[in-house]
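Each remark here refers to the structure printed beneath this line.
The values are calculated or read from the model by the stated rules, or taken from the named source; none is laboratory data. Given the structure is predicted, the values throughout are model-derived calculations rather than measurements. All Cβ positions, even for glycine, are placed from backbone atoms using ideal geometry, and neighbour counts span all protein chains on display.
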Amino acid sequence: MKKHKFIFIVGGVMSGVGKGIACASIGKILQSRGFRINPIKIDPYLNVDAGTMNPKEHGEVFVLSSGLECDQDMGNYERFLDVELLSENYMTNGMVFKTVIDRERSLGYNGKCVEPLFHIVEESLSRIQTSVKKSGADITIVEIGGTVGEYQNALFVEAARTMKLRNPNDVIFVLVSYLPIPHMIGEMKTKPTQYAIRTMNSYGVNPDIIIARAERPLDEQRKRKIADFGNIPYQNIISAPDANTIYEVPLNFEKFGLDEIILRLLHQKSKIKSDMLGWRKMVQKASSAKQDVSIAIIGKYFKTGDYVLSDVYISVIESLKHAAYLLDCNPKIEWLDSLDFEEQESSIEMLRAFDGVLVPGGFGSRGIEGKIKAIQYVREQNIPYFGLCYGMQLALIEYARHKLGIEDAHTTEVNRRTKHPVIDILPEQIEKLAAKDYGGSMRLGAYPAILQKGTIAYEAYTRSKNGRWSSNDPQSDSFTVRERHRHRYEVNPEYIEQFKKDGVVFSGTSPDRVLMEIMELSRSEHPFFLGTQFHPEFTGSLLHPHPLFTAFVEACIARQSSSR
Ligand code: GLN
């Protein structure tokens, strides 16, 4: 049997330097050499999944088809590799500990003393092996979250060491480290990276490759220093300066021959000549785009202390970029806090300056009246609007209040006692979801939606040449897509007829037609006003921009040429 190969990627010096992008990029260049890649992310926190974490703490919660709520890096892997990942591609300390403790409680260890340094390590390895089996891949890339030397991820580094010990020719280590250039000195410093290598050594492993992240390229002298001190071949130190877009990173790696270096270390021969043509074309489109398209995202999770946090909506932002690049445009994205629209009466007018407005998913009551006000404005002013999940629910509440004349229309998420719950929890949904044992009433993961012919959504999906969305019989009057969900509330069926009578088109529904998946206004009413109950931002990629994002950005571009 062919031996499976493993690349363990750890971070040095500090977090947030693009370890996830480095993993995805390594995956991409190896994929382009004909290898099937299985990326795994290990997060060191104790949460059993990312679902319960506040976005301000954790950034975006990414949702897999399976419904698993996980780290945003999983989104990067899917967007770079164009693969659909499984729950087995993700683990947290919490998941691993829970399995071991549950097993211990049910006497699964036959009276043995259960210890982290053996049982947790073995459970981590066994999870990695399960993922390898399910993936059918050639190479698994394991990203160990956090920074080397932390107490929290030490057992995973230990697992990696064990794997290397058992399969010396099939496992390599990559250290993604940071080289600061302190302003006062103006010189790039290698010492923190040297310490990171030493820390790795204290676990019994040496990095085979260093990805040297820094503001600027690494020079020969420093490269030599890292190689000598780190006991690593000179050519295996890869300079990784800041890039204009994350999508340039695989191309930079390829330029250094990183694919060849890795394959040599893993005793593999590349299967085909590198095929990064389509990727390179998109990156070129991004860098040569002349026209700007300005889009406002109205959210509430942007501010943390004195900083603005756009990580919370990373999949939305990347999806907008993909669509803009495809259409040869430069996306100019601005983050607006919906609370500002509640506090300052006149500021709503500023939305006129944008080519389009997007309201992403969200939870709870804070800031929603500001969002509703913004939605009313863009609907009345014919500004393209795209609502995702909460963004669709709020669009319907706005429509009910101002077009159907139901003044107190609301969602029961915010007002349990509203007389007009146009958005509500459906009792039969609670039962169905409870049976799936998601531990709550959240609808999570991929579900099918049937699209109605002649609508904006139908046109967008069927027109896209993307394999992921175009598997239907062209003779049929409907078209089925599978999209990912993360919500508890639904459009209340009692109001659907009223909405329809007044011009709302429900262009996508669940196959039994009970749940409303997409709402839109016809083109004669508005240039582009569309909302989805699901999260299309989780299923697009650079090579396959999501059709609804493409349709939205197209409408935004069209607004530039029409008189405002
Ligand atoms: N809060 C809404 C719900 O639970 C929308 C969720 C979301 O936007 N992801 O239904």
Open item on the list: Among the residues that make up the stretch 184-191, is at least one of them more than 21 Å from residue 156 (Cβ to Cβ) and among the basic types (Lys, Arg)?
Closed with: yes
TODO: Go through the residues of the stretch 211-232 one by one and say whether even a single one is touching a residue at least 60 places away in the same chain (Cβ under 8 Å) and either assigned to a loop (DSSP other than H, G, I, E, B) or crowded, with 23+ Cβ neighbours inside 10 Å (or both).
DONE: yes
Open item on the list: For the stretch 336-391, give me the residue count where each residue is more than 24 Å from residue 555 (Cβ to Cβ) and of a type outside the set (Asp, Glu).
Closed with: 9
Task: Number of positions in the stretch 528-560 that are within 16 Å of the ligand (Cβ to nearest atom) and either touching an Asp or Glu at 6+ places or on another chain (Cβ under 7 Å) or not in a helix (DSSP H, G or I) (or both) - done: 8
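A quick yes/no check of all residues on (1) of a type in the set (Gly, Ala, Ser); (2) surrounded by fewer than 21 Cβ atoms within 10 Å (Cβ to Cβ); (3) in contact with a Cys (Cβ under 9 Å, 6 or more places away or on another chain):
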| residue | (1), (2), (3) |
| --- | --- |
| 16 | yes, yes, no |
| 36 | no, yes, no |
| 62 | no, no, yes |
| 81 | no, no, no |
| 97 | no, yes, no |
| 103 | no, yes, no |
- [ ] Determine whether the stretch 175-193 contains at least one residue that is of a type in the set (A, V, I, L, M, F, W, C), at pLDDT 95 or above and more than 23 Å from residue 15 (Cβ to Cβ).
- [x] no
Open item on the list: For the stretch 334-369, which positions are more than 15 Å from the ligand (Cβ to nearest atom), under 22 Å from the mean Cα position of the chain (by Cα) and either under 12 Å from residue 391 (Cβ atoms) or surrounded by fewer than 17 Cβ atoms within 10 Å (Cβ to Cβ) (or both)?
Closed with: 334, 357
Task: Sole exception among (1) closer than 17 Å to residue 358 by Cα; (2) surrounded by fewer than 24 Cβ atoms within 10 Å (Cβ to Cβ) for residue 562, by number - done: (1)
- [ ] Quick one: in the stretch 35-63, of everything that is modelled with pLDDT of 95 or more and part of a loop (DSSP other than H, G, I, E, B), which residue is farthest from the chain's Cα centre (by Cα)?
- [x] 35
Task: Selection from the stretch 64-76 of residues that are over 8 Å from the mean Cα position of the chain (by Cα) and at negative phi - done: 64, 65, 66, 68, 69, 70
Task: Single match in 372, 406, 383 (criterion: among the β-branched types (Val, Ile, Thr), surrounded by fewer than 24 Cβ atoms within 10 Å (Cβ to Cβ) and within 29 Å of residue 330 (Cα to Cα)) - done: 372
Open item on the list: Give all pairs with beta carbons closer than 9 Å in which a residue from the stretch 359-372 that is part of a helix (DSSP H, G or I) meets a residue that is of a type in the set (Lys, Arg) and more than 9 Å from the ligand (Cβ to nearest atom); count only pairs at least 6 apart in sequence or on separate chains.
Closed with: 368/300; 370/300; 371/300; 372/401
Open item on the list: Quick test of your reading of the structure: residue 114 fulfils all but one of (1) in a helix (DSSP H, G or I); (2) surrounded by fewer than 17 Cβ atoms within 10 Å (Cβ to Cβ). Name the failing condition by number.
Closed with: (1)
Task: For residue 375: the one exception among (1) over 19 Å from residue 523 (Cα atoms); (2) more than 12 Å from the ligand (Cβ to nearest atom); (3) in a helix (DSSP H, G or I) - done: (1)
